[in-house]
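The values are calculated or read from the model by the stated rules, or taken from the named source; none is laboratory data. Quick caveat: nothing in here was measured; it's all calculated off a predicted structure. Cβ placement follows ideal geometry from the backbone for every residue including glycine, while neighbour counts extend to all protein chains displayed.
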Amino acid sequence: MLKPLLSVRDLRVDLNTRSGVLHAVRGISFDVAPGETLCIVGESGCGKSMTSLALMDLLPRVARRSADEITFDGQDLTRRRIAGKLRGRRMAMIFQEPMTALNPAFTIGDQMVEAYLYHVGGTRAQAVDRAAQMLEKVGIGSARSRLGQYPHQLSGGLRQRVMIAMALMTDPELLIADEPTTALDVTIQAQILRLLKDLQQELGLAIILITHDLGLVSRIADRIVVMYAGAIVEEGTAAEIFDRPAHPYTRALIDCIPQPGKTERGAPLGTIPGVVPLLIGRQDGCAFRDRCSLAQPRCADDIPTQDAGSHHWVCIHGGQA
Amino acid sequence: MSYLLETVGLTRRFQVGQGMFKPKATLHALNGVDLRLKKGQVLGIVGESGCGKSTLAKILLGLLAPSEGSVLLDGKDIGTIGRMDFTRRVQPVFQDPFSSLNPRKTIADIVTMPLRVHGIGTDAERRKRAAGIMDMVGLPARFAERYPKELSGGQRQRVAIARALVMNPDLIICDEPTSALDASVQSQILNLLMDLKRELGLTYVFISHNLSVVEHLVDQVAVMYLGRVVELGSTAQVFDAPQHPYTRALLDSALTVAPSLGVPDIGLGTAFPNPLAIPPGCPFQPRCPRAFDLCSRVRPHPVDVALGGAACHLAEEPLRGAA
């Protein structure tokens with residue numbers, strides 16, 4: 001692998017709640033190489049969004065972040081001054097619902113220009129030129145006149161394009177996208193993802209894409225991190241995760257979704273019994289063991305990570321056990 | 001009459017304000033929709049937002065009156081069936097189990113509500129019936145005295161299903177019933193819906209944007225575009241051999257698990273369909289990768305509800321296409 005652009009070691013996010021400290025992210029480590037698409041996939045409450053917010057220093061007030069290491073291009077992101085210079089400039093983020101991420105009271109031009117002037121500087125005219133250029137790049141025609149429009153005048157797909165254009169204003173090297181297409185129609189989703197892929201090739205952008213949609217992940221990821229109950233349970237390339245899933249949770253999750261051509265129409269779908277464990281307090285052993293068909297007494301002990309090249313999983317069972 | 005549900009020329013218009021001094025515009029949310037559904041079958045409705053799916057759901061539930069056309073339940077216009085009789089036979093399951101349940105009522109209150117409204121049984125009998133239904137949908141009896149906020153999304157959707165089933169209806173209108181749920185919860189709810197259909201002989205209209213789910217669950221599919229049915233057929237016909245370019249684009253854009261396929265290039269362009277300015281000729285023509293001169297002038301024949309097929313010049317027989 002190339003020298004990583006982003007390195008995360010033992011990232012933890014704790015939330016203070018009325019019932020105690022909730023460990024939303026429980027010591028995860030991963031790298032993102034330049035130009036690579038890393039997908040973080042998991043179900044609600046697995047910690048995937050907390051992970052992305054932790055990277056961008058956007059955690060809610062009740063949350064505490066700690067990590068052995070978070071470095072971006074060798075610079076220490078846990079130091080506020082350094083993070084302040086990198087965030088929004090060399091690393092940018094887009095969110096699920098562009099209507100809530102865009103300010104309804106300002107034109108999209110104003111919002112695109114503001115961020116650019118803050119992070120990069122230059123004159124307003126230069127920033128406006130840049131904004132128009134970026135809108136064209138994301139496939140929005142008559143860009144100059146669009147700059148004067150307000151978010152509510154745009155369709156959902158166009159708003160998400162504007163969000164992407166805005167995020168790319170400062171020519172970042174890393175884009176973090178949290179469920180960027182979940183609110184969109186399938187046709188618009190395909191177009192937005194195609195656009196992200198094309199821009200990635202053109203600009204050499206690394207992307208961290210956070211989603212619950214396994215189908216989407218299978219199409220776009222170079223590497224995949226599967227999270228469960230705040231921890232990474234499996235990591236590998238798209239082919240490794242979908243052709244040879246090793247962790248019982250990954251396998252169960254893939255079996256839950258109807259796969260045209262593979263799942264017989266109308267046949268019962270796979271299910272995962274039980275519910276996600278409480279994230280309050282300590283968790284010993286495998287967090288999935290209460291729902292796992294392969295669980296054994298020793299699953300309550302420390303679970304070793306198994307390695308097969310680029311493919312890792314945290315489970316006592318072998319690949320096809 | 002062999003159809004449980006039939007719509008004939010269903011049309012719904014809305015008057016939409018365009019601003020303070022501009023005249024109101026007419027939005028055709030539905031335009032001549034003909035559908036038929038036999039008892040025990042599942043009809044899937046797919047299409048992008050703005051295609052009229054949700055308006056159709058509201059009309060089928062009697063929550064909105066059509067501007068023209070009619071909905072027939074067992075051959076009788078639902079306008080002539082009393083509201084109480086109608087709701088005994090047709091019940092909804094909506095997308096968001098967080099907003100469709102009253103947060104101040106216990107689960108038992110929510111599930112027995114339809115029975116109370118209809119004055120069926122004594123309090124004890126209603127409780128007994130609710131307990132039976134809750135058991136059927138996989139809700140533990142101890143949930144009866146809990147409140148919706150104490151339940152997970154999947155459990156709440158089970159409550160919504162229990163509430164729909166408590167009246168022993170014939171037809172359930174499911175409007176995006178699993179869109180708000182995680183994959184592992186979605187599969188449980190889909191399995192439950194399939195089991196209930198088999199056990200109780202239910203009939204579903206299943207509205208969803210998730211094409212894999214629709215393909216898995218339904219017997220027939222109607223593909224809608226800007227208020228019209230553009231393709232209609234059995235699941236095998238529509239998913240295995242789509243005829244309308246729009247259906248093809250929809251199927252191509254569905255991101256099924258297939259690491260080798262990558263992100264599709266569906267070639268629809270960035271034009272977004274505007275229900276306020278439906279183009280002449282074929283409504284899909286501005287986005288259609290296979291459009292030719294006829295498409296911008298002549299509107300394709302609507303889908304024949306008895307035969308199925310696609311409302312597309314390319315799918316029409318040469319003789320009909322020349323008309």
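Mind checking which pairs have a first residue in the range B:148-161 that is within 11 Å of chain A (Cβ to nearest Cβ) and polar (S, T, N, Q) and a second that is surrounded by fewer than 24 Cβ atoms within 10 Å (Cβ to Cβ) and in a helix (DSSP H, G or I), Cβ under 8 Å, 6 or more apart or different chains?
Taking only residues 6 or more apart or on different chains, the pairs are B:Ser152/B:Val185; B:Gln155/B:Phe143.
Exactly one of these conditions fails for A:Asp213: (1) closer than 22 Å to A:Lys137 by Cβ; (2) facing chain B (nearest Cβ under 8 Å). Give me its number.
Condition (1) is where A:Asp213 drops out.
Just one of the numbered conditions (1) at pLDDT below 95; (2) more than 7 Å from chain B (Cβ to nearest Cβ); (3) crowded, with 18+ Cβ neighbours inside 10 Å; (4) in contact with a Ser or Thr (Cβ under 7 Å, 6 or more places away or on another chain) is not true of A:Asp185; which one?
A:Asp185 satisfies all of (1) at pLDDT below 95; (2) more than 7 Å from chain B (Cβ to nearest Cβ); (3) crowded, with 18+ Cβ neighbours inside 10 Å; (4) in contact with a Ser or Thr (Cβ under 7 Å, 6 or more places away or on another chain) except (2).
Among the candidates A:Arg161, A:Arg194, single out the residue that is assigned to a helix (DSSP H, G or I), within 14 Å of chain B (Cβ to nearest Cβ) and surrounded by fewer than 23 Cβ atoms within 10 Å (Cβ to Cβ).
Being assigned to a helix (DSSP H, G or I), within 14 Å of chain B (Cβ to nearest Cβ) and surrounded by fewer than 23 Cβ atoms within 10 Å (Cβ to Cβ) holds for just one of A:Arg161, A:Arg194, which is A:Arg194.
From the list A:Ile232, A:Ile280, A:Ile224, exactly one residue is modelled with pLDDT of 95 or more and more than 10 Å from every other protein chain (Cβ to nearest Cβ). Which is it?
A:Ile232
Please state which one of B:Ala236, B:Ala277 is within 14 Å of chain A (Cβ to nearest Cβ), more than 30 Å from A:Thr37 (Cα to Cα) and in a loop (DSSP other than H, G, I, E, B).
It is B:Ala277.
With the condition kept exactly as written, say whether any residue in the range B:14-32 is β-branched (Val, Ile, Thr) and at pLDDT 95 or above.
No, because not a single residue in the range B:14-32 is β-branched (Val, Ile, Thr) and at pLDDT 95 or above.
Output the number of residues of the range A:241-270 satisfying the condition of being more than 7 Å from every other protein chain (Cβ to nearest Cβ), over 21 Å from the mean Cα position of the chain (by Cα) and part of a loop (DSSP other than H, G, I, E, B).
6
So which of A:Arg65, A:Arg80 is modelled with pLDDT of 95 or more and more than 20 Å from A:Pro277 (Cα to Cα)?
A:Arg65
Can you name the residue in the range A:132-158 that is polar (S, T, N, Q) and within 20 Å of A:Leu184 (Cβ to Cβ) and, of all such residues, is surrounded by the most Cβ atoms within 10 Å (Cβ to Cβ)?
Restricting to residues being polar (S, T, N, Q) and within 20 Å of A:Leu184 (Cβ to Cβ), the top hit is A:Ser155.
Out of (1) at pLDDT 95 or above; (2) surrounded by fewer than 21 Cβ atoms within 10 Å (Cβ to Cβ), the odd one out for A:Ile28 is which?
(2)
Just checking, does the range A:115-131 include any residue being among the charged types (D, E, K, R) and either within 14 Å of chain B (Cβ to nearest Cβ) or crowded, with 23+ Cβ neighbours inside 10 Å (or both)?
no
Given the condition among the aromatic types (Phe, Trp, Tyr), outside any helix (DSSP H, G or I) and buried (at least 21 other Cβ atoms within 10 Å of the Cβ), answer yes or no: does some residue in the range B:287-302 qualify?
No: the range B:287-302 contains no residue that is among the aromatic types (Phe, Trp, Tyr), outside any helix (DSSP H, G or I) and buried (at least 21 other Cβ atoms within 10 Å of the Cβ).
Among B:Gly262, B:Gly309, which is more than 23 Å from A:Ile140 (Cα to Cα) and within 14 Å of chain A (Cβ to nearest Cβ)?
Matching residue, one of B:Gly262, B:Gly309: B:Gly262.
State all residues of the range B:182-215 that are hydrophobic (A, V, I, L, M, F, W, C), outside any strand (DSSP E or B) and in contact (Cβ under 8 Å) with a residue 40 or more places away in the chain; if no residue qualifies, say none.
B:Leu192, B:Leu196, B:Leu202, B:Leu211, B:Val214
Return yes when A:Leu55 is under 25 Å from A:Gln201 (Cα atoms), crowded, with 23+ Cβ neighbours inside 10 Å and out of contact with any helix residue (DSSP H, G or I) (no Cβ under 8 Å at 6 or more places or on another chain) and no when it is not.
Here the answer is yes, as A:Leu55 does meet what is asked.
From the list B:Thr26, B:Thr112, B:Thr87, which one is touching a helix residue (DSSP H, G or I) at 6+ places or on another chain (Cβ under 6 Å) and of a type in the set (Ser, Thr, Tyr)?
None of the other options fit; the residue is B:Thr112.
Mind counting the residues in the range B:1-18 that are polar (S, T, N, Q), within 16 Å of B:Met224 (Cα to Cα) and surrounded by fewer than 20 Cβ atoms within 10 Å (Cβ to Cβ)?
Within the range B:1-18, residues that are polar (S, T, N, Q), within 16 Å of B:Met224 (Cα to Cα) and surrounded by fewer than 20 Cβ atoms within 10 Å (Cβ to Cβ) number 1.
Going residue by residue through the range A:112-127, is there one that turns out to be modelled with pLDDT under 90 and either touching a Gly at 6+ places or on another chain (Cβ under 6 Å) or not in a loop (DSSP other than H, G, I, E, B) (or both)?
Looking for residues that are modelled with pLDDT under 90 and either touching a Gly at 6+ places or on another chain (Cβ under 6 Å) or not in a loop (DSSP other than H, G, I, E, B) (or both), one finds at least one in the range A:112-127, hence yes.
Would you call A:Gly139 part of a loop (DSSP other than H, G, I, E, B) and closer than 28 Å to A:Pro34 by Cβ?
Here the answer is yes, as A:Gly139 does meet what is asked.
Give B:Met167, B:Met113 a once-over and let me know the one that is assigned to a helix (DSSP H, G or I) and hydrophobic (A, V, I, L, M, F, W, C).
Only one candidate passes the filter, namely B:Met113.
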